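Down below is the structure, laid out as structure tokens.
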Amino acid sequence: MSSHSISLFKHIKLSTMGLFFTCGFALSALVFIASSIIINSNVSLASSVWTEYKANKSEKIRIDSALRSSLGYGGAIHEFKNYLLRPEPWRIERVQAKLGAVNAAISQFNTLGPSNAQAIALNDIKNMVDAYSAALIQAELLFSQGLQPLDVDKQVIIDDSLAMRGLQILNQELQRELHINNPSDDSPNITKADLAVKLRSALGYGGFIHNFKNAVLRGDEAYLSEAAGCLVKAEELIALYRNQGLTSAEHISLEDITRTLNNYKQEIDTIRQLISQNASPQYIDQQVKINDTSALRGLAVLDREIVVQIEQSADNVSATLDFVTQLISWLSWFTVIFTTVFIIAAILLMRNRLMNPIKELIKAMKTLAEGNFNIKIFATDRDNEIGEMARALEIFSANALKHRDSEAQVQAVINTAVHAIVTTNDRGVIVALNPAALAIFDYELDDILGRNIKLLMPQANKSFTDSVQGKVYEEDALRANGVHFPIELSVNEMTVGDKLMYTTVIHDITARRAAEAEIRKLAMTDPLTGVANRNQFELCIEEAIQVAEQNNKSVGLLLLDLNKFKPVNDTYGHHVGDQLLKDVSARMVEASRQTDTVARLGGDEFAIIFNHLDTPECIKVPFDRLVSELSRPYVVNDMVLNVTASIGVSMYPQDDTNIDELLRKADLAMYKNKNIDLVS
């Protein structure tokens with residue numbers, strides 16, 4: 001055959017092949033035409049299903065869904081508003097983690113070659129994320145300065161309009177790239193995937209939860225009206241979703257979401273009433289706080305159910321192509337009866353241009369199902385239905401390869417992470433550890449894999465895992481050699497397939513604990529004498545007065561100032577003076593009770609807080625013991641030092657109830673009682 005004939009048959013359409021067979025088989029025209037129509041319709045169906053499968057499995061669609069999830073309801077903006085209303089330090093890391101997930105999704109999207117419009121939209125969203133990151137830092141600083149949530153919100157308010165427009169443009173561009181019409185809510189062609197995206201938009205960023213939190217935070221009923229409108233929209237979408245035919249998991253998920261939305265709906269009037277009463281944002285938030293766990297879990301289940309349905313579409317493709325192959329085989333046998341010559345030509349044509357390509361595509365699909373994505377797809381250059389199917393399969397293979405490479409990069413990041421990462425199943429059995437985890441616990445992988453997490457953290461159990469979800473938590477850990485050490489950990493839940501897994505990120509805080517203890521000691525202790533310094537003295541006097549007030553007791557405040565201390569320094573040197581200060585403080589500690597506090601306020605000035613005195617007269621016994629102890633001779637380097645002191649005492653509450661006044665009166669008494677000899 002000439003090259004021109006080969007090229008002609010290479011691109012022959014299935015409909016043309018059907019017409020050719022119809023003309024050749026005069027006696028079986030009706031049967032043959034019917035068979036051709038069936039072949040054409042089924043191959044078209046297979047191509048249509050593959051196109052839908054490609055669209056749903058597109059990496060961009062997956063990342064778009066992850067972006068909306070990380071940004072909206074239960075995501076970064078939700079958590080940011082919660083932090084403004086409930087400025088608890090652990091919420092900062094939750095906001096940062098969600099913002100990090102948004103940045104990761106944007107980075108992944110950028111690797112897939114976005115259009116100009118998508119790039120602009122992603123840049124607007126990225127700018128918004130950067131703005132919220134900066135606002136988070138500013139909010140933390142403002143809270144540390146004592147500002148209230150409403151005042152903090154006014155200083156960190158972010159304009160979300162460009163980012164919300166960016167999300168809308170992103171979705172429109174994805175629909176255009178994949179040749180998918182964006183159906184209206186009442187369109188009969190709307191799918192569960194469309195409804196799930198619309199539901200997330202109605203509830204999330206720029207939707208219900210965004211306006212609801214702004215209404216609570218800013219006391220503005222305009223936001224409350226917007227939230228109510230979004231809530232009605234969400235209820236309409238849930239009703240449409242119910243009409244799609246639900247699995248049991250979807251039914252439960254919709255019930256969970258509806259129940260949570262009803263709870264929010266009941267609180268809208270409460271918010272209006274509290275706003276009219278000028279209640280504070282913190283008080284309103286406490287009164288209308290709703291647990292979103294079941295609704296977030298429900299949305300995640302809806303996403304998972306849609307993925308399962310997409311996988312079923314792939315199975316339908318294989319079944320359809322198997323049916324086409326069988327039908328063609330039957331047709332070949334039927335044509336053999338009527339004409340040997342024509343059947344040979346038909347078999348050769350169908351085998352070379354139809355059956356073999358389909359078998360190659362089925363073989364390629366099975367290879368992809370086994371996880372091998374490094375294959376060359378057959379017949380992608382053909383200008384017919386087989387070519388369309390092959391090109392659709394090639395796009396799917398390329399996206400799957402990118403996804404696998406992305407997973408490999410994530411695993412590489414985990415393996416090179418500085419912090420320990422331990423993965424367990426829902427029974428607490430360890431299924432994976434990174435090298436950092438093996439290093440801090442001092443185990444070999446084979447020795448710990450398959451063992452219970454209690455081997456590493458004796459206090460860990462199922463309730464423990466549930467209690468620290470999304471929090472940074474400190475716990476006691478155990479090395480392989482039996483040595484206990486402190487750790488800081490956070491536990492996150494994930495679902496792999498249909499299995500519940502927990503990932504625990506662990507940081508050894510032994511060095512930090514030691515440093516903190518040393519810092520606390522240095523901050524509260526006089527470095528020369530070892531007794532309390534002025535900082536600790538101020539804390540102790542406040543605490544002593546609070547306890548005395550609660551228990552109807554008295555507190556004695558004694559101030560002591562050494563006389564003639566400067567001549568000792570000048571005559572014998574500072575080392576002798578320092579030793580004298582140590583001796584005086586040691587005698588004061590020896591003479592005082594365990595419940596009392598001895599402090600050096602600075603230079604040669606000391607103080608004692610006498611706690612838990614039933615009456616003012618009770619101070620006489622420890623006071624006399626102190627004077628007796630201090631009056632003994634002071635010998636430093638074989639030299640007897642001539643030192644006197646001034647002592648003054650004030651009593652709480654007899655002399656005053658104000659700390660500053662007690663100090664002033666003790667100081668006055670000290671100068672009235674100068675020059676008590678400390679040497680016999």
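The values are calculated or read from the model by the stated rules, or taken from the named source; none is laboratory data. Quick caveat, the model's predicted, so the values are computed rather than measured. Cβ placement follows ideal geometry from the backbone for every residue including glycine, while neighbour counts extend to all protein chains displayed.
Structure values in brief
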{"read-out": "Residues being in a loop (DSSP other than H, G, I, E, B) and polar (S, T, N, Q) - total across segment 188-237", "value": "2"}
{"read-out": "Residues of segment 484-527 satisfying the condition of being among the aliphatic types (A, V, I, L, M) and either surrounded by 14 or more Cβ atoms within 10 Å (Cβ to Cβ) or touching a residue at least 24 places away in the same chain (Cβ under 8 Å) (or both)", "value": "487, 489, 491, 500, 501, 505, 506, 509, 524"}
{"read-out": "Residue that is surrounded by the most Cβ atoms within 10 Å (Cβ to Cβ), among those in segment 37-73 that are at pLDDT below 70 and in contact with a Gly (Cβ under 9 Å, 6 or more places away or on another chain)", "value": "39"}
{"read-out": "Among (1) farther than 15 Å from residue 430 by Cβ; (2) modelled with pLDDT under 85, the one test that residue 484 misses", "value": "(2)"}
{"read-out": "Residue match in segment 515-523 (condition: at pLDDT 90 or above and within 52 Å of the chain's Cα centre (by Cα))", "value": "no"}
{"read-out": "Some residue of segment 578-597 being farther than 21 Å from residue 530 by Cα and in contact with a Lys or Arg (Cβ under 7 Å, 6 or more places away or on another chain)", "value": "no"}
{"read-out": "Selection within segment 626-654 - under 56 Å from the mean Cα position of the chain (by Cα) and surrounded by fewer than 19 Cβ atoms within 10 Å (Cβ to Cβ)", "value": "653, 654"}
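For (1) under 18 Å from residue 67 (Cβ atoms); (2) without any contact (Cβ under 8 Å) to a residue 40 or more places away in the chain; (3) touching a His at 6+ places or on another chain (Cβ under 8 Å); (4) among the hydrophobic types (A, V, I, L, M, F, W, C), each residue gets a yes or a no:
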| residue | (1), (2), (3), (4) |
| --- | --- |
| 93 | no, no, no, no |
| 118 | yes, no, no, no |
| 127 | yes, yes, no, no |
| 133 | yes, yes, no, no |
| 137 | no, yes, no, yes |
| 144 | no, yes, no, no |
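To keep it simple, each residue is scored yes or no on (1) outside any helix (DSSP H, G or I); (2) at pLDDT below 75.
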residue	(1), (2)
355	no, yes
358	no, no
364	no, yes
388	no, no
392	no, no
403	no, yes
413	no, yes
422	yes, no
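Results for (1) of a type in the set (S, T, N, Q); (2) within 23 Å of residue 437 (Cβ to Cβ), shown as yes or no for each residue.
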{"position": "485", "(1), (2)": "no, yes"}
{"position": "489", "(1), (2)": "no, yes"}
{"position": "492", "(1), (2)": "yes, yes"}
{"position": "499", "(1), (2)": "no, yes"}
{"position": "506", "(1), (2)": "no, yes"}
{"position": "514", "(1), (2)": "no, yes"}
{"position": "517", "(1), (2)": "no, no"}
{"position": "524", "(1), (2)": "no, no"}
{"position": "532", "(1), (2)": "no, no"}
